[in-house]
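Coordinate-derived values only; no laboratory data. Because the structure is predicted, anything quoted here is derived from the model rather than measured. Here the Cβ positions follow ideal geometry from the backbone for every residue, glycine too, while neighbour counts run over all protein chains shown.
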Amino acid sequence: MVIVAIGVVVCSFGVSLYQTSKVGVAPYGSLSLIMREKFPKISYFWHRMFTDALSALICFLAGGIVGLGTLVSALGLGPIIHFFDVNFTEKLLAKRRIN
């Protein structure tokens, strides 16, 4: 579980960096970003948690394996990506744009 938790944090940091810098987004990652644009009153992390949980549910219904790591990722990526967006990535990019 420690390795899964570290992996979720590292993955969230990477996703935050590439999504916020607007250098391109993977098709799956764009789902939550599109939802955020359509429903701006709802925080990004809820959109991300919804798309991740929906994907896990579809996988399970199709006969796939949904383990504890999948659930930790589905419920953890959104809030941690949002945390990095607000507390690190946006500030880093704002500083970079000034220089």
- prompt: Given Cα pairs under 8 Å that are at least 6 residues apart, what percent is the relative contact order of the stretch 31-88?
  reply: 37 percent
Neighbour-limited loop hits for trypsin sites (Lys or Arg not before Pro), the stretch 1-89 (at most 12 other Cβ within 10 Å; DSSP other than H, G, I, E, B): 22, 41
message: Place a point 7 Å from Cα of residue 5 in the direction of its Cβ. Which residues in the stretch 70-97 have their backbone N less than 14 Å from it?
response: 72-73, 76
- line: Per its Cα gyration tensor (rounded if a/c is under 1.5, else prolate when a/b beats b/c, else oblate), the stretch 31-88 is best filed as oblate
query: Where the centre of each part is set by its Cα atoms, how far does the stretch 7-56 sit from the stretch 68-97, in angstrom?
result: 9 Å
